[in-house]
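Here the structure comes first, spelled out in structure tokens, and everything after it is commentary.
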Amino acid sequence: MARPFMTRPSARPALGARRRRFVLERPVEDPDGFGGVLRRYVSGPVLWGAIEPVGEAERTRLRGGRGDPVATHRITLRARSGLAPAMRLCAGPRRFVIRSLAPAGPPGGDLVCRVEEVPEETP
């Protein structure tokens, strides 16, 4: 008697769930000539991941004399070395500052990034 094809349950999200394209931005610091540094970000590799809103942080950021709640998200990527909280993830015009990194599941599996969305600069 032949065994029917059985799928193995997986804790990893389906490949189609990682349909959001992110660009990893790395910080580069240059001396400003006055003893400080100027930080800019350069684009790095393209990563595919899933994003989900977690809610608004309890703290607020002051902008233009008013407090705006800080939006937080969770981004799930395939685990990779070299990611650090000093880096940013970009999805189109949106920028996300990485606040923490944690593996999700076994080593070499997924990586969960808790991020904070950076508001767009207004001229």
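The values are calculated or read from the model by the stated rules, or taken from the named source; none is laboratory data. Since the structure is predicted, the reported quantities are computational estimates derived from the model, not experimental observations. Every residue, glycine among them, receives a Cβ derived from its backbone with ideal geometry; neighbour counts consider all protein chains shown. In case anyone asks, the SASA skips ligands and DNA or RNA and just uses the protein heavy atoms, side chains included. Shrake-Rupley method; radii C 1.70, N 1.55, O 1.52, S 1.80 Å.
Within region 18-52, the residues that satisfy the criterion of being within 15 Å of Ile98 (Cβ to Cβ) and open to solvent by less than 80 Å² (accessible area, probe 1.4 Å) are Phe22, Val23, Leu24, Glu25, Pro27, Tyr41, Gly44, Pro45, Leu47, Gly49, Ile51. Contact map, region 77-102: first residue more than 17 Å from Glu29 (Cα to Cα) and touching a residue at least 12 places away in the same chain (Cβ under 8 Å), second residue outside any strand (DSSP E or B) and open to solvent by 50 Å² or more (accessible area, probe 1.4 Å), Cβ cut-off under 6 Å, separation 6 or more or different chains; pairs are Ala79/Gly108; Ile98/Pro85.
Got at least one residue in region 32-48 being over 20 Å from Glu120 (Cβ atoms), at pLDDT below 90 and of a type outside the set (Phe, Trp, Tyr)? No: region 32-48 contains no residue that is over 20 Å from Glu120 (Cβ atoms), at pLDDT below 90 and of a type outside the set (Phe, Trp, Tyr).
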